[in-house]
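Down below is the structure, laid out as structure tokens.
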Amino acid sequence: MLGLILAQEILSPQALSVLGAGLAIGLGALGPGIGIGLLASGALQAIGRNPEATPQIQLNMILAIAFAEAIAIYALVVALLLKFVA
């Protein structure tokens, strides 16, 4: 009986909402973080091999970073919706 009461308190809708928000932002920021790291690594290697192409490489790198950050911002919005609306 006591276990059932504790399970109902632990698995309340508010607790699941907070858990979902934490997972959303945690996993949603993991991918873009890894992607930006790999992107910067590749860009720095390309600039090291061909310094004359630096402006074009930097332009493409900044554009790709913006797209990766947009995915992280979407994850943040989902987490905020789960936290405050659900």
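The values are calculated or read from the model by the stated rules, or taken from the named source; none is laboratory data. Everything numeric in this text was worked out from a predicted model, so none of it was measured. Here the Cβ is made from the backbone with ideal geometry for all residues, glycine too, and neighbour counts use every protein chain on show.
What's the number of the condition A40 fails, among (1) assigned to a helix (DSSP H, G or I); (2) more than 9 Å from the chain's Cα centre (by Cα); (3) under 30 Å from Q14 (Cβ atoms)?
Against the list (1) assigned to a helix (DSSP H, G or I); (2) more than 9 Å from the chain's Cα centre (by Cα); (3) under 30 Å from Q14 (Cβ atoms), A40 comes up short only on (3).
Against the definition (modelled with pLDDT of 95 or more and loosely packed, with under 14 Cβ neighbours inside 10 Å), how does Q45 come out, yes or no?
yes
Select from the stretch 55-70 the residues that are surrounded by 14 or more Cβ atoms within 10 Å (Cβ to Cβ) and either β-branched (V, I, T) or outside any helix (DSSP H, G or I) (or both) and list them in ascending order.
Hits for the stretch 55-70 are I57, I65.
Check the stretch 21-36 and report whether any residue there is over 23 Å from V78 (Cα atoms), modelled with pLDDT of 85 or more, out of contact with any strand residue (DSSP E or B) (no Cβ under 6 Å at 6 or more places or on another chain) and surrounded by 15 or more Cβ atoms within 10 Å (Cβ to Cβ).
Among the residues of the stretch 21-36, not one is over 23 Å from V78 (Cα atoms), modelled with pLDDT of 85 or more, out of contact with any strand residue (DSSP E or B) (no Cβ under 6 Å at 6 or more places or on another chain) and surrounded by 15 or more Cβ atoms within 10 Å (Cβ to Cβ), which makes the answer no.
If you go through the stretch 74-86 one residue at a time, do you hit one that is closer than 30 Å to S12 by Cβ, more than 13 Å from the chain's Cα centre (by Cα), modelled with pLDDT under 90 and not in a helix (DSSP H, G or I)?
Yes: the stretch 74-86 contains one or more residues that are closer than 30 Å to S12 by Cβ, more than 13 Å from the chain's Cα centre (by Cα), modelled with pLDDT under 90 and not in a helix (DSSP H, G or I).
Filter the stretch 46-71 down to residues that are within 22 Å of I34 (Cα to Cα) and either in contact (Cβ under 8 Å) with a residue 60 or more places away in the chain or over 13 Å from the mean Cα position of the chain (by Cα) (or both), then give me how many there are.
So the count comes out to 11.
Of all residues in the stretch 72-86, how many are loosely packed, with under 14 Cβ neighbours inside 10 Å and in contact (Cβ under 8 Å) with a residue 24 or more places away in the chain?
Going through the stretch 72-86 one residue at a time, the tally reaches 3.
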